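J.: Dumping the structure here so I can ask a few things about it.
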């Protein structure tokens, strides 16, 4: 017997925007937090969120169809992932700001993707202060998810002197420091980010173990003898030549045997491409023209700079991390 192909996978991809938009709107009206608070029927959801019962039913059923809710005898309940990430104040980490960014900035920006395909040029974001606020709140919320998974799955327990270089969020180092009370961290970030770093480490209660400096990421040559180096969400923002030099500069600041983490999305060269990475290659290009590099190319930069990759960690719903040793 031969398997007869059907169109289910094609249609699932082609209609994916329908699920995305309904998720964005369900988050915007507070559907998940309403259910978390006990509004578990269509009339109760409608009353609590301020939408019609017809809309409440459409959105709740759509989210049930996608597995974020259960529906038994007309009553809805949150699945574990929805409770952890979508339930507003009741969530462990509320992803609502990231969903707002996707709905208001990223999604409409993808309408310019045909232009990007034809020209390899990014679209026009047409940003004002309000849109920048939405942009940064969303990106930093997504980074908080990455940092949470980084802290959970990347072991830096043996390090005592870390360099967090050129990143966008102090959350990764803070997660490591929270788990390792002996770890001190020097942040070397681009000018303009130092205020956010200072606020973050103060809020986390680790300011007494941190130093914050500024420098141009592409050219800075940090000084020190670090046994852990974080280059997280860095390489997609720079050219191949700049990244090769960045890794050489970081190797010069590291002691032999130091650990380097490189967190980003990557393209694969083998038969199996991780979907989230490939999708972000399009997202980064259409949004601002930045790049998702092949993992093999990144490994080449690392080897040439004196780093030996020893492990790769796939963070759930997040980028992957290449973990290397200074040799």
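J.: Name the residues in segment 207-219 that are under 23 Å from residue 157 (Cβ atoms), touching a helix residue (DSSP H, G or I) at 6+ places or on another chain (Cβ under 7 Å) and not in a strand (DSSP E or B), would you?
T.: 207, 209
J.: Report whether or not residue 313 is within 20 Å of residue 149 (Cα to Cα) and surrounded by fewer than 19 Cβ atoms within 10 Å (Cβ to Cβ).
T.: yes
J.: Within segment 259-270, can one find any residue that is under 17 Å from the mean Cα position of the chain (by Cα) and outside any strand (DSSP E or B)?
T.: Checked segment 259-270: at least one residue is under 17 Å from the mean Cα position of the chain (by Cα) and outside any strand (DSSP E or B).
J.: Yes or no: segment 282-294 includes at least one residue that is part of a helix (DSSP H, G or I), free of Cβ contacts under 8 Å to residues at least 12 places away in the same chain and on the phi < 0 side of the Ramachandran plot.
T.: Looking for residues that are part of a helix (DSSP H, G or I), free of Cβ contacts under 8 Å to residues at least 12 places away in the same chain and on the phi < 0 side of the Ramachandran plot, one finds none in segment 282-294, hence no.
J.: What's the total number of residues in segment 114-151 that are exposed (fewer than 12 other Cβ atoms within 10 Å of the Cβ) and in contact (Cβ under 8 Å) with a residue 12 or more places away in the chain?
T.: 2
J.: Inside segment 220-251, can you point out the residues that are touching a helix residue (DSSP H, G or I) at 6+ places or on another chain (Cβ under 9 Å) and part of a strand (DSSP E or B)?
T.: Selection gives 226, 228, 229, 230, 231, 232.
J.: Taking the stated definitions as given, is residue 90 out of contact with any helix residue (DSSP H, G or I) (no Cβ under 9 Å at 6 or more places or on another chain), surrounded by fewer than 17 Cβ atoms within 10 Å (Cβ to Cβ) and either within 14 Å of residue 27 (Cα to Cα) or in the same structural domain as residue 21 (by TED's automatic domain parsing) (or both)?
T.: So residue 90 fails the test.
J.: Do we have any residue at all in segment 170-180 that's assigned by TED's automatic domain parsing to the domain that holds residue 251, assigned to a loop (DSSP other than H, G, I, E, B) and either more than 22 Å from residue 216 (Cβ to Cβ) or modelled with pLDDT under 95 (or both)?
T.: Checked segment 170-180: at least one residue is assigned by TED's automatic domain parsing to the domain that holds residue 251, assigned to a loop (DSSP other than H, G, I, E, B) and either more than 22 Å from residue 216 (Cβ to Cβ) or modelled with pLDDT under 95 (or both).
The values are calculated or read from the model by the stated rules, or taken from the named source; none is laboratory data. Computed from a predicted model, the values in this text were never measured in an experiment. Reconstructed Cβ throughout: ideal geometry from the backbone, glycine too, with neighbour counts over all protein chains shown.
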